[in-house]
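Below is one structure, written out as structure tokens; comments come after it.
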Amino acid sequence: MNSTTVGLKASIWGLKGLLPIIIKVVLSLSELIMENPKPLLDAIRETGKKPVFVPFYSSSQEKVCAELLEAELFGSEPNVCSRYFSKNTFKEECVKLDIPTVEGVSQSLDSPSDLESLESLVSSLLSHYDSVIIRGEHGSAGSSVYKTDSPDIIHIYEEIKESKQSKVLVEPMLKVIASPNDQWAIDRSGDIHHLGMSAQLFEGLKHAGNLKGQYFSGRTYRTIQKMSRTIAKKMAGDGYVGVFGIDYIITQEGIFPIENNARINGSTFTFGIVDAIEEKIGKVPCWKFFKVHSEARSFEELKGTMRDLLYDGTKINVVFPYDCDTLSETGTFAVVLLAEDMYHIEYLEEGLKSMGIRRV
């Protein structure tokens, strides 16, 4: 994941100061540091402060990078990270913890005969369910996720093989009422922190943003938090350090964890931004994060367009734009809508649409 990621976001931050310095690079931050650590090391030394290196994902390079920067590592051993990030081994961990999971099995994709086995598994589940979902072991944000209502899956098999997934989970496609994301962090002392729960937004099977508000009942919130805390305690005992987000599905059959993003999540930055904003304006009851597209323009021009809705550091029911690196080239950036209630969230989104700024 870390070796060739384009536009990888990484940050050096303290756990409490959750408004990060974001560095957008063509290579991963780890690769750039290992290639030439001196410029960043010099800048850090000038601050006179002890840095904390927070990787996007803890691979084998992160410990080396932290040492090069004379920094403490807010990360984990790679084998611990990968065990929880893998959908397959995460599901196995949940079973060991007596946490309910969606039925289904894993299937390796190491030999030509695996296609036949995969077709057999899909056919078996389709005899009881209308459709089946096939998920790559390491896909995220909706990648390597396929839905089928037919055992004729050669095209799916070929796509999965192209994406270099070596194992998949084959499960029934349940009717999903909601898909919460529950974010947590385990600090360097092993203490567990609940960062917050939000509702995930999807376009088909692809993740498209997050929404935080009064969306879940007290029963749902308590059930998810209890399962998450059980998982977090096991992760802490295994030596995990860092941020992670557990994705759940709420169905008529029950509430199930489906994956553990054992890394910085897309909405982690939003939680950080909202945390910093709340220190200035007070509690933000509802927020909604998503990527948007508009005509290419400078940030100053964007500020002029959005002036009536733009966050000004004093009031709520506003829009905070960020991740604007490619705004002048592609017109794409991210926004978080900050509101006192869900009606204002809808009002803000409609206001953006009237300005030609629409959700990707």
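Only the coordinates and a few stated rules stand behind these numbers; no lab work does. Here the structure is a predicted model, which is why all the values come from computation and not from measurement. When we count neighbours, we look across all protein chains shown, and the Cβ atoms used for this are built from the backbone with ideal geometry, even at glycine.
Counting pairs of Cα atoms in the range 105-172, how many percent are more than 20 Å apart?
Tail fraction, whole percent: 17.
Pop out the ³J(HN,Hα) list for the range 116-124 in order, Karplus 6.51 cos²θ - 1.76 cosθ + 1.60 with θ = phi - 60°, rounded to Hz; leave Gly and Pro as x.
Karplus-based 3J(HN,Hα) across the range 116-124 equals 5, 5, 5, 4, 5, 5, 4, 4, 4 Hz.
So how many Å³ per residue does the convex hull of the Cα atoms of the range 42-98 work out to?
82 Å³
In sequence order, what are the phi-derived ³J(HN,Hα) couplings for the range 68-83 according to the Karplus relation 6.51 cos²θ - 1.76 cosθ + 1.60 with θ = phi - 60°, rounded to whole Hz, with x for glycine and proline?
My calculation for the range 68-83 gives 4, 8, 6, 10, 7, 9, 9, x, 10, 5, x, 5, 5, 4, 5, 5 Hz in order.
Let me know the charge dipole size of the range 176-261 about its Cα centre in debye, to the nearest 20, where only the beta-carbon of Lys, Arg (+1) and Asp, Glu (-1) is charged.
260 debye
Given the Cα-Cα distance of residue 34 and residue 305 and 0.36 nm per residue of separation, how much length would full extension add, in nm?
Stretched out fully, the residue 34 to residue 305 stretch lengthens by 93.4 nm.
Given that just one value was derived from the coordinates, which of (i) 19.8, 63; (ii) 20.1, 70; (iii) 21.3, 65 is Rg and Dmax of the Cα atoms in Å?
Identified label for the calculated read-out: (iii).
In debye, nearest 20: dipole of the range 105-172 around its Cα centre with unit charges on the Cβ of K, R (+) and D, E (-)?
It works out to roughly 240 debye.
Between 302, 354, 284, whose Cα lies farthest towards the positive end of the dipole of the range 275-360 when Lys and Arg beta carbons carry +1 and Asp and Glu beta carbons carry -1, centred on the Cα centre?
With unit charges placed on the Cβ atoms, the residue in question is 354.
What is the dipole size for the chain, taken about its Cα centre, with +1 at each Lys and Arg Cβ and -1 at each Asp and Glu Cβ, in debye to the nearest 20?
960 debye
What is the list of residues in the range 236-278 whose amide nitrogen lies under 18 Å from a point 7 angstrom out from the Cα of residue 129, following Cα to Cβ?
Taking a point 7 Å out along Cα→Cβ of residue 129, the residues of the range 236-278 whose backbone N falls under 18 Å are 247-260.
Provide the net charge surrounding residue 157, with neighbours chosen by a C-beta distance below 15 Å and charges set as Lys +1, Arg +1, Asp -1, Glu -1.
-4
Given the options 218, 195, 254, identify the residue whose Cα lies farthest towards the positive end of the charge dipole of the range 176-261 (+1 on Cβ of Lys, Arg; -1 on Cβ of Asp, Glu).
Result: 218.
So, counting K/R as plus one and D/E as minus one, what does the shell of residues with Cβ under 12 Å around residue 294 add up to?
+3
Looking at the range 283-359, what % of the alpha carbon pairs are farther apart than 22 Å?
16 percent
Could you tell me which of the pairs 96/226; 175/206; 212/315; 50/283 are separated by over 22 angstrom between their Cα atoms in the structure shown?
Over 22 Å Cα-Cα: 50/283.
So what's the net charge close to residue 231: Lys and Arg +1, Asp and Glu -1, counting the other residues with Cβ under 11 Å from its Cβ?
Within the 11 Å Cβ shell, the charges total +2.
List every residue whose amide H lies under 5 Å from the amide H of residue 209, counting only residues 5 or more places away in sequence or on a different chain, with H placed 1.01 Å from N in the peptide plane.
Here the answer is 201, since their amide H atoms fall under 5 Å of that of residue 209.
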